[in-house]
Structure formats: C-alpha cells, structure tokens
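S.K.: Before I ask anything, here is the structure I am working with.
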Amino acid sequence: MVSLEFAVVSAVSTLRSQGLCASALELAFLSLQDDGDQGRLWELAGLLHADLGDFDAARQALETASSLVPLEPEGRFTLAKCYAANGQADLAREMYWSLLEWNETPQDLLLKIASHFDCLGRPDLSVHACRKASLRDQQVARPFYEMAYYMRRCHYPPHLIESMARHAVRLDPDFQLYRVGLAVFLHSIDRNHDAYDVICDLTPRQLKSVTCACCLDQLRAVCEHCGDLPRAAACRARLLHIRQQQTQAS
C-alpha cells in the first residue's frame, strides 16, 4: 500500500508540475476513495484545490492531511493562506511565523511568507522574513531588494533602505528591476543625480520594457532633471502606451 501511495503521489505531482491541476485532482480523489488514510495525497489535494482557487476545499483537505501526517512546508504555508482567506488572520500569522522560525524553510518560501505578512499588515515581519531568506544564500539578490521594499514600508531610515537596494544591484547588476527600484527610491528623497547614475546606462529599449506606470513617470522626471531627453522620451512613450492599454481594457 505504501508503494502504491508513493506511485499515485508521484503521478499526481507530475500532473501538477505540468499545470494539469484538474486532472491531478481527479486522480488524487480516485485513489482517496479507495484509501482515505493517504496523508500525502490529501496534502497534494489541498495544494491542488488552492492552485484552482478553492481555498475552503483546500483548507479541509490540508486539515485532513495534517491529522494523518506532518505537513510539508508548502502544505503548511498553503494552509496558512487558507486561514487568511477565511478571515482568520491571527491563526495565519502564527503559522507563517512557525515556518519563519523553522531553519529548513526554503528561501523562496520565506520570500512568499514575507509577502503574506505584508498582506496581513505586518511589513515589520516581512523584513524579518527577508533577512532570514538572505541568510540562506547571501549571493542571491532578491531577498535584499525585497527587504529594502519592506523597510521602506516600515519607514526605516533612508540610508538603510538604500544600502539594501544597492547591495541587490551589486549582486545582480543586469537585472534592471532592481536598478529601477533603487532609482525611484532615490528620486523620492530628492536625490535625482544619484538616481540618474543608477540608470544612466540603461538603453531606451530597456526603459521601454518597464511595466510600472508610476515608476516610468518618476524615471522620466529623473531623466528630464538631468537633461537626458532621449531616455525621458522613451519613458514618456512607454507610459503613454501603458495608459492607452489601461483605457482600452476598461
């Protein structure tokens, strides 16, 4: 029976990885009808329900799984999401915190936890989650950049926010999102020339790939302030395009 459960879990996991969530869920429940004590399969069913947006069904499946086996980190995280979606913010926060304190929680999951702490109105805990994530692999830029974002939401001193964002840029100088974010932050504290130094070697084509209208408007202002009219025009053209798309969509 154990080997059969492993085979079914493997097959369901493969279907899920291929994006075939409905087929995966159907296969899981066919097996659960024969043996309802398959904890890992209940956990997978919960993850699949969550993938499909049914958080109530996901919660029920994951609670059933937790009565049979200890949940894996993704299962615990998803159950916390279900509680948050159900308005049980305190319980969700406790579960996120327990994952945060567990030393085996993967870096990418810690960053997801940071985002959900922010959704629960606790960006201070988001900073803590990003700090823990940065310790998993200090050569990865994303935890430092996201830490800067949440530090800004918590009104940390500007020099600390800048330090984290610049560190992310140093670790991954070719990822333009980090440079754009740093430039926008520096513009917000009236340091336009420093902001321009961060983006001055981005081509107009790269600037046209920015998708945030607010960021583009601030980059346009930075470039105009520093006399870089071609890049300012590129930002303006991209901003106009985005606003036209938004108008058409509405």
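The values are calculated or read from the model by the stated rules, or taken from the named source; none is laboratory data. Everything numeric in this text was worked out from a predicted model, so none of it was measured. With ideal geometry, Cβ positions are generated from the backbone for all residues, glycine too; neighbour counts draw on all protein chains shown.
S.K.: Mind checking whether some residue in segment 178-188 is over 21 Å from Glu146 (Cα atoms), surrounded by fewer than 17 Cβ atoms within 10 Å (Cβ to Cβ) and outside the structural domain of His159 (by TED's automatic domain parsing)?
M.R.: No, there is no match, as no residue in segment 178-188 is over 21 Å from Glu146 (Cα atoms), surrounded by fewer than 17 Cβ atoms within 10 Å (Cβ to Cβ) and outside the structural domain of His159 (by TED's automatic domain parsing).
S.K.: Regarding segment 144-157, can at least one residue be identified that is more than 20 Å from Leu111 (Cβ to Cβ) and surrounded by fewer than 18 Cβ atoms within 10 Å (Cβ to Cβ)?
M.R.: There is at least one residue in segment 144-157 that is more than 20 Å from Leu111 (Cβ to Cβ) and surrounded by fewer than 18 Cβ atoms within 10 Å (Cβ to Cβ).
S.K.: Given the conditions (1) outside any helix (DSSP H, G or I); (2) over 26 Å from Val140 (Cα atoms), and given that Asn103 satisfies all but one, which numbered condition is not satisfied?
M.R.: Of everything listed in (1) outside any helix (DSSP H, G or I); (2) over 26 Å from Val140 (Cα atoms), Asn103 misses just condition (2).
S.K.: For segment 1-55, how many residues meet the condition of being among the acidic types (Asp, Glu), part of a loop (DSSP other than H, G, I, E, B) and free of Cβ contacts under 8 Å to residues at least 24 places away in the same chain? Steps first, please.
M.R.: So the first thing to find is which residues in segment 1-55 are among the acidic types (Asp, Glu), and the list is 5, 26, 34-35, 37, 43, 51, 54.
Applying the additional criterion that residues be part of a loop (DSSP other than H, G, I, E, B) yields 35, 37, 54.
Keeping just the survivors that are free of Cβ contacts under 8 Å to residues at least 24 places away in the same chain gives 54.
Number satisfying all stated conditions: 1.
S.K.: Those residues that are assigned to a helix (DSSP H, G or I), over 20 Å from the mean Cα position of the chain (by Cα) and not basic (Lys, Arg), I need them from segment 151-183; list them, please.
M.R.: Pro158, His159, Leu160, Glu162, Ser163, Ala183
S.K.: So is Cys215 under 26 Å from Asp124 (Cα atoms) and not assigned by TED's automatic domain parsing to the domain that holds Ser126 or not? Before you say what the answer is, go through the steps one by one.
M.R.: Details: under 26 Å from Asp124 (Cα atoms): yes; not assigned by TED's automatic domain parsing to the domain that holds Ser126: yes.
When the stated conditions are applied, Cys215 passes them.
S.K.: Can you work out which of the residues in segment 64-92 that are among the β-branched types (Val, Ile, Thr) and part of a helix (DSSP H, G or I) is nearest to Leu48 (Cα to Cα)?
M.R.: Thr78
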